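Trainee: Mind looking over this structure? Questions follow.
The values are calculated or read from the model by the stated rules, or taken from the named source; none is laboratory data. Please read these numbers as outputs of a predicted model, since none were measured by experiment. Please note: Cβ atoms are built from the backbone with ideal geometry, for glycine as well, and neighbour counts cover all protein chains shown.
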Protein chains: 2
Amino acid sequence: MQSPLIFLVAARRCEIHDLEQLALSCDLVQAVSGLVHRLQRERGTSNLYLASADARFDAQRAEHVGATRSAEDGVHTWLDGLAPDAGEAAPGGARLFTRIAMALHALDALPSLRAQVAARQCRAAEATQRYSRIVAALLALVFEAADIAVDPSVSRLLVSMFNLMQGKEFAGQERAAGAAAFAAGRLDADGAQTLSHLIEAQEQCLQRFEAFGTADSLRQWRALQALMPLPELERLRRRLMSSPTGGGLDRALADTWFDCCSQRLDLIHQAEAHLARGLKDECARRIDATRAELGDQESLLATLSASMPGEGLPAPAAGAEAGEPAAVDPAGAAAEPLGPRLTRSIVETMQAQSRRLQQMSDELAAVRAALDERKLVERAKGLLMAHHGVGEDEAYRLLRQTAMNQGRRLVDVARTLLDMSDLLPPRA
Amino acid sequence: MQSPLIFLVAARRCEIHDLEQLALSCDLVQAVSGLVHRLQRERGTSNLYLASADARFDAQRAEHVGATRSAEDGVHTWLDGLAPDAGEAAPGGARLFTRIAMALHALDALPSLRAQVAARQCRAAEATQRYSRIVAALLALVFEAADIAVDPSVSRLLVSMFNLMQGKEFAGQERAAGAAAFAAGRLDADGAQTLSHLIEAQEQCLQRFEAFGTADSLRQWRALQALMPLPELERLRRRLMSSPTGGGLDRALADTWFDCCSQRLDLIHQAEAHLARGLKDECARRIDATRAELGDQESLLATLSASMPGEGLPAPAAGAEAGEPAAVDPAGAAAEPLGPRLTRSIVETMQAQSRRLQQMSDELAAVRAALDERKLVERAKGLLMAHHGVGEDEAYRLLRQTAMNQGRRLVDVARTLLDMSDLLPPRA
């Protein structure tokens, strides 16, 4: 015979266990944020190195490659530290681990990419695309961590973090595309379209980052924004966008553009680091609070065991679980050696816990809904890849192009495509 | 350094672990289904015993109490067999364990309820209500098991099972209410309203049971329905509903009614037992399938380790992860000692696994949406309990009454109430 209170305590232990697993994911997100920042710098310098013959980019690139390698080591060390069976017990472990596998696989492509860049065997645009694919695999890992998080307050912060990182990645791609254009002295129509998409997409992400952030992360963001060279960025953007097709861009501005964008990216990365600390603090706070509640329940259990050796919780008074006063039923009261107050406090604890868990589940669903748009776009991309036999980048380009041509949002085009998927020819 | 494949294997292990935990929940659901069936019989006989002075119900009641006790022991033995930390690793463990605590607490009320029934210290209506509350706590446990299940195919069957059990419970309450009316020789307006609500509610549940069942469970259901005394049930229902207020019911029909309802309930319970076996089979099938896939991945991993001692997965060819032919990139091909075929098979495995997990998550969300209505009603009940200071039964009665008066569905009234909750006075 088991006492209900034993299961109530077991439920709390589950919560603590889940929160501890979540704290691990948050550590991983922090390590990934650092690695992505390094990869973005390496991508940027590789771009400059490939686009110009200037020898000074050689040393810069080597330096950034070194920094990325040590960030990579950080992620690998973190993964090595995972207990081999840690994931079995983690909520959503299968999804997180699959994304880790995909991210590791993407990272394995780095050495050969670097060798080709060093030997100038690869064009700037292709190198950027290959670096971006690696970053995308790392961002997908952060997205998954946000989607499987089991605590609504932590989940909110992870959604905020993912959007900040994704926004920063669009900004990083903008830096690369702009730098290539300045270095080449020209921006073609396709490049201009890409740039305006990147600017719009990063703004959407940063809005979502703000919407899901805390008051504290917002305050810090405003302070960092004040330090960003935003007027200069806008001036340079205008130069890029208004350059006559076929030429007219001042090549000397390549450095200015790159430095201006980099300054902003570094500040965004500071916001990420701040948010990552906030994530860790929130996990710790939730774990502490749940531990304190567990402690209360354990002492209640100890009190009960002491007063009723060999027995579980006393029989409840009739109607007690429906919130009616226990005193109405004399027979019920007789079965309550602990007094109606203690019995009622246990019943209230159970009801409160059940309500709280249901509420958390509702809140989680609401937070996760913010991730639905990206899921639709990913699914639409997958559909295009399967039906058109094209790669991921090309599938995305097709979607974006359709959205631009029709003046619709990317996600709406994705939704329409998925709705129409039954009408598409069968997979090849 | 860890190979991506190691994490892919870890992901499969997570899935197997989650499915094994799910199989445990399904065992619990099976034990609970048996216990609920016994409790419903005990409730029915207690009702007859209290409503009539006939001594033969005494022996019947004692017999049913004995049967319930052994079903109770079954559930307790099952719970005792749970490893103390089993739940920590179970998805949704906190929610399931809280519901187990609440169900155990409700069951603790049985001895005093039985003592009062035996001593005729309790009216039939009150005894029914108290038994129903215990059954409700057990059904809430099954509901939670359905809501936290992580596999869409098993989740569907659990939703089907919950609706069958809930439908059977409404049928059991109908049996009790009808038996009390026949035994008393009268059915008042309130009782008539309760009866028609119970008939409608059980039909809704049985429709949902069919909608979420398998072809096999449906076939079995049709066969069982053919054995049910449905024409007789409808004749007796008509007698009840058309009796003039204040009397006119043939007391001799109490037994006929009770036997007719019981025959149907026993057949519904057979469908439950069939569905419970189907649940176990589905869990076993899913576990076997996932184990087979794990085996494939482990042998792939072994092949890789043998061919590249001390190394992880080889670097992918550029573009390989985007589905482009690996051969386009000579440098990438050079980094592929396993040949492009093996590398591509690993990449495809990762992509397929990721797509499958996302698809499962989407399907799960769709199945769980079928549980939303009940959640709304539960939340609305909680709101009424808090604001009106009434018990659960009264809160439900209020909701039902409002729905009947306004000719609206219960769930719509619940939704409107929740939408308006900000306008309610603050909690007492």
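Trainee: Here are some conditions: (1) away from chain B (no Cβ under 14 Å); (2) modelled with pLDDT under 90. A:ALA86 meets all but one. Which one does it not meet?
Mentor: Every listed condition holds for A:ALA86 apart from (1).
Trainee: OK, next. Just checking, does region B:10-28 include any residue being away from every other protein chain (no Cβ under 13 Å), crowded, with 24+ Cβ neighbours inside 10 Å and small (Gly, Ala, Ser)?
Mentor: Scanning region B:10-28 turns up at least one residue that is away from every other protein chain (no Cβ under 13 Å), crowded, with 24+ Cβ neighbours inside 10 Å and small (Gly, Ala, Ser).
Trainee: Somewhere in region B:136-149, is a residue within 13 Å of chain A (Cβ to nearest Cβ), closer than 30 Å to B:SER242 by Cα and either in contact with a Ser or Thr (Cβ under 9 Å, 6 or more places away or on another chain) or assigned to a helix (DSSP H, G or I) (or both)?
Mentor: There is at least one residue in region B:136-149 that is within 13 Å of chain A (Cβ to nearest Cβ), closer than 30 Å to B:SER242 by Cα and either in contact with a Ser or Thr (Cβ under 9 Å, 6 or more places away or on another chain) or assigned to a helix (DSSP H, G or I) (or both).
Trainee: Please pick out the residue among A:GLY178, A:GLY248 that is over 27 Å from A:GLN30 (Cβ atoms), assigned to a helix (DSSP H, G or I) and out of contact with any Cys (no Cβ under 6 Å at 6 or more places or on another chain).
Mentor: A:GLY178
Trainee: If B:TRP221 satisfies every condition in (1) of a type outside the set (Lys, Arg); (2) in contact with a helix residue (DSSP H, G or I) (Cβ under 9 Å, 6 or more places away or on another chain); (3) modelled with pLDDT under 90 but one, which is the exception?
Mentor: Against the list (1) of a type outside the set (Lys, Arg); (2) in contact with a helix residue (DSSP H, G or I) (Cβ under 9 Å, 6 or more places away or on another chain); (3) modelled with pLDDT under 90, B:TRP221 comes up short only on (3).
Trainee: Here's another thing I want to ask about it. Is one or more of the residues making up region A:189-197 in a helix (DSSP H, G or I) and surrounded by 22 or more Cβ atoms within 10 Å (Cβ to Cβ)?
Mentor: For region A:189-197, residues in a helix (DSSP H, G or I) and surrounded by 22 or more Cβ atoms within 10 Å (Cβ to Cβ): absent.
Trainee: Tell me which residues, restricted to region A:355-371, are among the charged types (D, E, K, R) and within 10 Å of chain B (Cβ to nearest Cβ).
Mentor: Hits for region A:355-371 are A:ARG355, A:ARG356, A:ASP362, A:ARG368.
Trainee: Checking A:ILE100 against (1) touching a residue at least 40 places away in the same chain (Cβ under 8 Å); (2) surrounded by fewer than 20 Cβ atoms within 10 Å (Cβ to Cβ); (3) within 8 Å of chain B (Cβ to nearest Cβ), only one condition comes out false. Which one?
Mentor: Going through the list (1) touching a residue at least 40 places away in the same chain (Cβ under 8 Å); (2) surrounded by fewer than 20 Cβ atoms within 10 Å (Cβ to Cβ); (3) within 8 Å of chain B (Cβ to nearest Cβ), A:ILE100 breaks only (2).
Trainee: Answer yes or no as to whether A:TYR49 is surrounded by 23 or more Cβ atoms within 10 Å (Cβ to Cβ), within 30 Å of A:GLY185 (Cα to Cα) and more than 14 Å from chain B (Cβ to nearest Cβ).
Mentor: yes
Trainee: If the requirement is being of a type outside the set (D, E, K, R) and either surrounded by 18 or more Cβ atoms within 10 Å (Cβ to Cβ) or touching a residue at least 60 places away in the same chain (Cβ under 8 Å) (or both), which of these qualifies: A:GLY74, A:GLY93, A:GLY81, A:GLY66?
Mentor: From the options A:GLY74, A:GLY93, A:GLY81, A:GLY66, the qualifying one is A:GLY93.
Trainee: Any idea how many residues of region B:124-135 are buried (at least 22 other Cβ atoms within 10 Å of the Cβ), within 9 Å of another protein chain (Cβ to nearest Cβ) and in contact (Cβ under 8 Å) with a residue 40 or more places away in the chain?
Mentor: 0
Trainee: Check off (1) within 26 Å of B:ILE134 (Cβ to Cβ); (2) touching a residue at least 60 places away in the same chain (Cβ under 8 Å) for B:VAL367 and give me the number that stays unchecked.
Mentor: All conditions are met except number (1).
Trainee: Would you mind finding the one in A:GLN166, A:GLN121 that is out of contact with any Pro (no Cβ under 7 Å at 6 or more places or on another chain) and away from every other protein chain (no Cβ under 14 Å)?
Mentor: Just a single option satisfies the conditions, and that option is A:GLN166.
Trainee: Then there is this: Out of region A:1-49, which residues are of a type in the set (Gly, Ala, Ser) and within 26 Å of A:GLY92 (Cα to Cα)?
Mentor: A:ALA10, A:ALA11, A:ALA23, A:SER25, A:ALA31, A:SER33, A:GLY34
Trainee: Is at least one residue of region B:337-346 at pLDDT 80 or above, part of a helix (DSSP H, G or I) and within 45 Å of the chain's Cα centre (by Cα)?
Mentor: Checked region B:337-346: at least one residue is at pLDDT 80 or above, part of a helix (DSSP H, G or I) and within 45 Å of the chain's Cα centre (by Cα).
Trainee: Then there's this: Have a look at B:ALA386, B:ALA352 and point out the one that is within 30 Å of B:LEU294 (Cβ to Cβ) and either surrounded by fewer than 19 Cβ atoms within 10 Å (Cβ to Cβ) or within 11 Å of chain A (Cβ to nearest Cβ) (or both).
Mentor: B:ALA352
Trainee: From the list A:ARG239, A:ARG235, pick out the single residue that is modelled with pLDDT of 95 or more and farther than 30 Å from A:ALA149 by Cβ.
Mentor: Checking each option against the conditions leaves just A:ARG235.
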